[in-house]
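Scroll down for the structure; my scribbles are underneath it.
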Amino acid sequence: MKEIDALGLLCPRPVILAKKLIKEENPKEFAVLVDNEIATENLSKMADQLGYDTEVDKEDKVYKVKFKKNRDKKLEQDYNKEEYIVVFSSDELGIGDEEFSKKLLEGFVYSLSEKDQVPTYVVLYNHGVRLSTINENTVADLKKLESKGTTVLSCGLCLGNYNLKEELKVGQVTNMDKIVDLQIHYRTVKPC
């Protein structure tokens, strides 16, 4: 039985790895190793949606989530395929513990980079410009989005304000007029 080692990975990474395996190989059985109960719950929910039964075995601090196919289902729902942009004004997702909020945002950007339908633009302003400069995790995921056709834009004024102009690692510099134009013309997702 094929196993995915997702030990130490935070959500949504274990779910995305499992989805990727299902999409690429459509296995009848496989297992995912994780080290937290939340991941087992998220994997079980995803499995049910995709036509798999799950069984969880725990040994010490390692959970083994076993998947067994019970019916065929589509991997992705048939969403409206219109173009959209994603706007980040912060390097945190939501309000709460700062480090946790940053990890949540990293998970959001990673999940976004793993989708088949990616945004036409990712727009970064205010503290959001840290995602294209000093946060290595989001820089890597934004580069992946670029490779799929997304244009990444960071506010030049914001980069200057936070002394990050020389730190830009992905995308290009833009201005607030362009940001306003994009938000007027595209369906906008603003997670933070």
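The values are calculated or read from the model by the stated rules, or taken from the named source; none is laboratory data. Being a predicted model, the structure only gives us computed values, none of them experimental. Don't worry about glycine lacking a Cβ; one is built from the backbone with ideal geometry, like all the others, and counts go over all protein chains shown. In case anyone asks, the SASA skips ligands and DNA or RNA and just uses the protein heavy atoms, side chains included. Shrake-Rupley method; radii C 1.70, N 1.55, O 1.52, S 1.80 Å.
Hey, among 57, 48, which residue is in a strand (DSSP E or B) and open to solvent by 20 Å² or more (accessible area, probe 1.4 Å)?
One residue alone meets the criteria, 57.
For every residue, the table says whether it meets (1) within 20 Å of residue 115 (Cα to Cα); (2) among the hydrophobic types (A, V, I, L, M, F, W, C).
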residue	(1), (2)
12	yes, no
20	yes, no
28	no, no
31	no, yes
34	no, yes
39	yes, yes
47	yes, yes
55	no, no
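So which residues in the stretch 6-20 are assigned to a helix (DSSP H, G or I), surrounded by fewer than 19 Cβ atoms within 10 Å (Cβ to Cβ) and touching a strand residue (DSSP E or B) at 6+ places or on another chain (Cβ under 6 Å), if there are any at all?
Result: 17, single match.
Out of curiosity, is residue 146 open to solvent by 10 Å² or more (accessible area, probe 1.4 Å) and more than 22 Å from residue 183 (Cβ to Cβ)? Break it down stepwise before answering.
Working: open to solvent by 10 Å² or more (accessible area, probe 1.4 Å): yes; more than 22 Å from residue 183 (Cβ to Cβ): no.
Criteria not met by residue 146.
Could you grab me the full set of residues in the stretch 123-161 that are on the phi > 0 side of the Ramachandran plot and in contact with a Cys (Cβ under 6 Å, 6 or more places away or on another chain)?
Passing the criteria: only 126.
For the stretch 79-89, which positions are touching a residue at least 12 places away in the same chain (Cβ under 8 Å) and open to solvent by 30 Å² or more (accessible area, probe 1.4 Å)?
Listed by number, the residues that qualify are 79, 81, 82, 83.
Taking the stated definitions as given, is residue 134 free of Cβ contacts under 8 Å to residues at least 60 places away in the same chain, closer than 23 Å to residue 174 by Cα, open to solvent by 10 Å² or more (accessible area, probe 1.4 Å) and not basic (Lys, Arg)? Explain how you work it out, then say what you get.
Working: free of Cβ contacts under 8 Å to residues at least 60 places away in the same chain: yes; closer than 23 Å to residue 174 by Cα: yes; open to solvent by 10 Å² or more (accessible area, probe 1.4 Å): yes; not basic (Lys, Arg): yes.
So residue 134 fits the description; yes.
Let's see how each residue does on (1) charged (D, E, K, R); (2) open to solvent by 50 Å² or more (accessible area, probe 1.4 Å):
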{"site": "113", "(1), (2)": "no, no"}
{"site": "120", "(1), (2)": "no, no"}
{"site": "126", "(1), (2)": "no, yes"}
{"site": "152", "(1), (2)": "no, no"}
{"site": "158", "(1), (2)": "no, no"}
{"site": "161", "(1), (2)": "no, yes"}
{"site": "171", "(1), (2)": "no, no"}
{"site": "178", "(1), (2)": "yes, yes"}
{"site": "189", "(1), (2)": "no, no"}
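Considering only the stretch 97-181, give the helices (runs of 4 or more DSSP H) lying wholly within it that have at least 2 residues that are of a type in the set (D, E, K, R). Don't jump to the end; show me each part of the working.
Working: elements: 98-113, 136-147, 156-161.
Counting at least 2 such residues, we get 98-113, 136-147.
Would you check which residues across the stretch 32-45 are under 19 Å from residue 71 (Cβ atoms) and out of contact with any Pro (no Cβ under 9 Å at 6 or more places or on another chain) and list them?
44, 45
Across the stretch 135-192, what is the total count of residues that are of a type in the set (Phe, Trp, Tyr) and touching a helix residue (DSSP H, G or I) at 6+ places or on another chain (Cβ under 7 Å)? Write out each step before concluding.
Filtering the stretch 135-192 for residues of a type in the set (Phe, Trp, Tyr) gives 162, 186.
Checking the rest, the ones that are also touching a helix residue (DSSP H, G or I) at 6+ places or on another chain (Cβ under 7 Å) come to 162.
Matching residues across the stretch 135-192 total 1.
Going by the conditions given, is residue 76 modelled with pLDDT of 90 or more and open to solvent by 60 Å² or more (accessible area, probe 1.4 Å)?
So residue 76 does not fit the description; no.
Residue 102 is checked against (1) farther than 30 Å from residue 187 by Cβ; (2) within 17 Å of the chain's Cα centre (by Cα) and fails just one. What number does that condition carry?
(1)
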